[in-house]
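The values are calculated or read from the model by the stated rules, or taken from the named source; none is laboratory data. Since this is a predicted model, take the numbers as computed values, not measurements. Cβ coordinates were reconstructed from backbone atoms using ideal geometry, including for glycine residues, and neighbour counts include every protein chain displayed.
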Amino acid sequence: MKLWGGRFREEENRIMEDFNTSFPFDYRLYRQDITGSMAHVDMLGACGIITQEEAAAIRQGLEGILSDIENGSLPLQGDYEDIHTFVEANLILRIGDVGKKLHTGRSRNDQVALDMRMYAREQAQVLSDLLENLIQALEQKGAEYPCIMPGYTHLQRAQAVMFPYYMSAYVSMFRRDRKRLLNAREILNESPLGCAALAGTTHEIDRSMTAAALDFAKPVDNFLDGVSDRDYLLELSGAMAIIMMHLSRLSEELILWSSQEFKFVTIDDAYSTGSSIMPQKKNPDACELVRGKTGRVYGDLMGLLTTMKGLVLAYNKDMQEDKPQFFDAVDTVTSCLTIMAEVIRTLHVHPDVMTKSVRQGFLNATEVADYLVARGVPFRDAHGIVGRIVILCEDKGCAIEDLTLDELKQFSDCFDDSIYQYIDYQNILKKGNKKEMTGYEKTRE
Ligand code: ARG
């Protein structure tokens, strides 16, 4: 079923029809499509392009189609070229020839551009809400376990940090992600309806009226750009790729931390799976899948960028390919954000193991150097002194705080009894700007 054919002498080849159809994936735009059509038909009536009675009949028909799709009595199936054809064909079936007036002063080019903008705008909000949910889970988990843990550089134990502060690093990332989504949503919020195919229409339509009815800030400035702009899908896909990168890093932390080697956390049974051969195993599959799906979302972004590259103005059928890629990215990020929030919410943290790892890794060595600096030793010399102290500790198999004062004094006269208080891990985190790490301060915008 298609909306054209008048100028064709032969039937379309069946293989071509199957190749051309977008209905199997664009059916999900039904609500945006029908809502957009309602605004369009109201405007046609208000501007006197069709009569008020015709407009009312069409609107009623559209309302019926929408509620029947939603109550399941009109399934989104059949041999249609796209969602636009499905809606229009069903409209004509229901209300007769007057339905044929719906498409006055409009093209599928501005129609699909409108549908995608409305869909993208909604999804930006949905993803932003899912990010907020994950942020809350991270904040709560941090607050539940106010313990110290090793911080790493080069994946080598480096300095002590607080577990809530570690969670808060991810909170900062996901807050930036929210801003990116909401910023993209603001930029895209202009209506392309009324651009028609590429050059507007001879009918005296009112683009501002449809833009306002559909909650857009204004109509787009340029018709050619309006029907062929897919920047907003790229921006959102870019934001989604970054979200996935963040989720993938968090996944990697959890995979590592839940290993027998680390034992910092246990991922709840509800989000782990077993091995078919090794009875003892519990695998962090949820996190591995999130990490794996990151590649998919990067692929969607690259695919979409490549689809758009080299397209002359205005609409080209290539743009139909925006949908499977964008939908896949949205679905993937939605499921990953949902599962990650649950993995975090149910995560079992082992503060005892984390604290022990801090004590075993000379994680107060920098503070020993700071202590000497406070007593006038130049930092570079202090660095060398503490390096040699660490060698002695390694040989003895002990921590710096386990050395006697006499032992420490062999390295520098500046040591006195106060060193033990100074390099105690709880005290370290109360000094300097490290204080910011101990209070798990909420810095919501
Ligand atoms: N299915 C098309 C798409 O997704 C709708 C627009 C069709 N426009 C056209 N001139 N054939 O892009």
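When you check Gly48 against the structure, is it out of contact with any Leu (no Cβ under 9 Å at 6 or more places or on another chain), on the phi > 0 side of the Ramachandran plot, assigned to a loop (DSSP other than H, G, I, E, B) and within 16 Å of the ligand (Cβ to nearest atom), yes or no?
Values: out of contact with any Leu (no Cβ under 9 Å at 6 or more places or on another chain): yes; on the phi > 0 side of the Ramachandran plot: yes; assigned to a loop (DSSP other than H, G, I, E, B): yes; within 16 Å of the ligand (Cβ to nearest atom): no.
No, not satisfied.
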Check: All but one of (1) in contact with a helix residue (DSSP H, G or I) (Cβ under 9 Å, 6 or more places away or on another chain); (2) touching a residue at least 60 places away in the same chain (Cβ under 8 Å); (3) under 26 Å from Ala120 (Cβ atoms) hold for Pro146; which doesn't?
Finding: (3)
Next item on the list: Pull up the range 319-331, narrow it to residues that are surrounded by fewer than 21 Cβ atoms within 10 Å (Cβ to Cβ) and closer than 15 Å to Ile243 by Cα, then point me to the one that is nearest to the ligand (Cβ to nearest atom).
Entry: Asp328
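Would you please name the residue that is farthest from Leu29 (Cα to Cα), looking only at residues in the range 73-95 that are in a helix (DSSP H, G or I) and within 16 Å of the ligand (Cβ to nearest atom)? So that I can check it myself, show each step before the final result.
Residues of the range 73-95 in a helix (DSSP H, G or I): 83-95.
Subset that is within 16 Å of the ligand (Cβ to nearest atom): 83-89.
Numbers: Ile83: 7, His84: 9, Thr85: 12, Phe86: 11, Val87: 11, Glu88: 14, Ala89: 16 Å.
For the range 73-95, the residue satisfying everything is Ala89.
Report whether or not Thr306 is in a helix (DSSP H, G or I), more than 16 Å from the ligand (Cβ to nearest atom) and surrounded by fewer than 20 Cβ atoms within 10 Å (Cβ to Cβ).
Numbers: in a helix (DSSP H, G or I): yes; more than 16 Å from the ligand (Cβ to nearest atom): yes; surrounded by fewer than 20 Cβ atoms within 10 Å (Cβ to Cβ): yes.
Considered against the rule, which asks whether it is in a helix (DSSP H, G or I), more than 16 Å from the ligand (Cβ to nearest atom) and surrounded by fewer than 20 Cβ atoms within 10 Å (Cβ to Cβ), Thr306 comes out as yes.
Can you confirm whether Tyr119 is buried (at least 16 other Cβ atoms within 10 Å of the Cβ), in a helix (DSSP H, G or I) and of a type in the set (Phe, Trp, Tyr)? Walk me through it before giving the result.
On the way: buried (at least 16 other Cβ atoms within 10 Å of the Cβ): yes; in a helix (DSSP H, G or I): yes; of a type in the set (Phe, Trp, Tyr): yes.
Judged against the criteria, Tyr119 is a match.
Here's the yes/no breakdown for (1) modelled with pLDDT under 95; (2) within 15 Å of the ligand (Cβ to nearest atom); (3) surrounded by 14 or more Cβ atoms within 10 Å (Cβ to Cβ):
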| residue | (1), (2), (3) |
| --- | --- |
| Tyr271 | yes, no, yes |
| Pro279 | yes, no, no |
| Gly292 | no, no, no |
| Ser335 | no, no, yes |
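When you check Val98 against the structure, is it over 25 Å from Val220 (Cα atoms) and more than 16 Å from the ligand (Cβ to nearest atom), yes or no?
Numbers: over 25 Å from Val220 (Cα atoms): yes; more than 16 Å from the ligand (Cβ to nearest atom): yes.
Against the criterion (over 25 Å from Val220 (Cα atoms) and more than 16 Å from the ligand (Cβ to nearest atom)), Val98 qualifies.
From Gln140, Gln125, grab the single residue that is within 26 Å of the chain's Cα centre (by Cα), in contact (Cβ under 8 Å) with a residue 60 or more places away in the chain, closer than 20 Å to Asp331 by Cα and surrounded by fewer than 20 Cβ atoms within 10 Å (Cβ to Cβ). Give the derivation first.
On the way: Gln140 fails: closer than 20 Å to Asp331 by Cα.
Step by step, each of Gln140, Gln125 is checked, and only Gln125 is within 26 Å of the chain's Cα centre (by Cα), in contact (Cβ under 8 Å) with a residue 60 or more places away in the chain, closer than 20 Å to Asp331 by Cα and surrounded by fewer than 20 Cβ atoms within 10 Å (Cβ to Cβ).
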Check: Only one of (1) touching a helix residue (DSSP H, G or I) at 6+ places or on another chain (Cβ under 9 Å); (2) more than 16 Å from the ligand (Cβ to nearest atom) fails for Ile15. Which number is that?
Finding: (1)
Note to self: Where the second residue is among the small types (Gly, Ala, Ser) and not in a helix (DSSP H, G or I) and the first is touching a residue at least 24 places away in the same chain (Cβ under 8 Å) and lies in the range 220-248, which pairs have Cβ atoms under 6 Å and are six or more apart or on separate chains?
What the structure shows: Phe223/Ala199; Phe223/Gly200; Leu224/Ala314; Val227/Ala314; Ser228/Ala314
